[in-house]
Amino acid sequence: MLVVGGSSGLGLAVCRLAYGLGAEVIIASRSALDKHEELTATVGPGIETISLDVTSEKDVESALERVGTIDHLAVATRPPLTPSLFLQADLGQARQAFETKFWGQCQLIRMAHGRLAPDGSIVLTSGIAGERIYAGNFAMSVINSATETLCRALAVELAPIRINAVSPGFIAPKPPDVEARARRFPAGRVASAEEVAEAYIHLMESPYVTGTTLVVDGGARLV
Ligand SMILES: NC(=O)c1ccc[n+]([C@@H]2O[C@H](COP(=O)([O-])OP(=O)(O)OC[C@H]3O[C@@H](n4cnc5c(N)ncnc54)[C@H](OP(=O)(O)O)[C@@H]3O)[C@@H](O)[C@H]2O)c1
């Protein structure tokens, strides 16, 4: 399994869970190779780490050359994005975030496609902002909605390879005001990364599920 954006947070939790289930885990991100020892200590011996900036065609090409057939590809990259209202937002930063999270995954999928097993799968990451509007988050809202639409479009075009997305709500750690707001969610709290990571494994292991966004938000979008 190749996890792009697997060196921290949600992607790292996916790596740990998959490794525990016996998967051969390859972690790719800009810092993954530099963090090889730390990641090995966190995930387990025998993992592979690859240095890759998802926005660089050259990086993706040389990373994929080192990888054989890919059973499952998970993408959990997170671009820096300062929350700001639309009229005050730095559009350059918003464009760069789109470049990393949205176009980065497009480039990655196009280049990795020939290496994916026919019964393999891709799992993308969207997020609650794609469905529930929070003022100051327009860029991530659009990126996440676009990711979910991409997932549906590619489920048709890339079949029999399956492609799904996970839409997390709020994952710990979060600032105290968000933790307090989360007490009003049906689940009564924010999620752990491990709880959300389970959804990636479920989608990878479900042969009849494709073009689907699995929401793992503790009901946050409903309240
Ligand atoms: N955390 C939440 O509450 C939450 C909620 C909803 C949705 N999400 C979504 O879940 C995903 C993961 O979020 P997270 O909170 O787990 O993020 P995170 O802990 O910041 O991890 C982001 C990962 O992306 C990698 N990355 C960033 N830019 C990259 C690039 N240009 N090329 C390759 N890798 C890159 C980082 O590694 P390097 O720095 O080494 O490159 C890291 O491995 C994101 O798409 C985010 O929008 C998160």
Under 15 Å, Cβ to Cβ, from Thr69 - net charge with Lys/Arg +1 and Asp/Glu -1: -3
Once Lys and Arg get +1 and Asp and Glu get -1 on their Cβ, which of Ser141, Tyr208, Pro173 lies farthest toward the positive end of the dipole of the chain? Ser141
Where nothing but the Cβ of Lys and Arg (+1) and of Asp and Glu (-1) is charged, how large is the charge dipole of region 2-222 around its Cα centre, in debye to the nearest 20? 680 debye
Could you state how much accessible area Leu81 has, in square angstrom rounded to the nearest 10, with a 1.4 Å probe and all protein chains kept in place? 50 Å²
Return the calculated 222 nm mean residue ellipticity for the chain, to the nearest 500 deg cm²/dmol, obtained by summing -39500 (n - 2.57) across DSSP H runs with n ≥ 4 and dividing by the residue count. -11000 deg cm²/dmol
Quick one: pull the percentage of alpha-carbon pairs in the chain with a separation above 28 Å. 26 percent
Given the protein chains as shown and a 1.4 Å probe, how many square angstrom of Asp53 are accessible, to the nearest 10? 50 Å²
Any idea of the accessible area per residue across region 1-139, 1.4 Å probe, to the nearest Å²? 50 Å²
Using 0.36 nm per residue of separation minus the Cα-Cα distance, give me the extension gain between Glu99 and Val223 in nm, one decimal. 41.5 nm
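The values are calculated or read from the model by the stated rules, or taken from the named source; none is laboratory data. Source: prediction; values computed, not measured. Cβ coordinates were reconstructed from backbone atoms using ideal geometry, including for glycine residues, and neighbour counts include every protein chain displayed. For accessibility, only protein heavy atoms count, side chains too; no ligands or nucleic acids. Shrake-Rupley method; radii C 1.70, N 1.55, O 1.52, S 1.80 Å.
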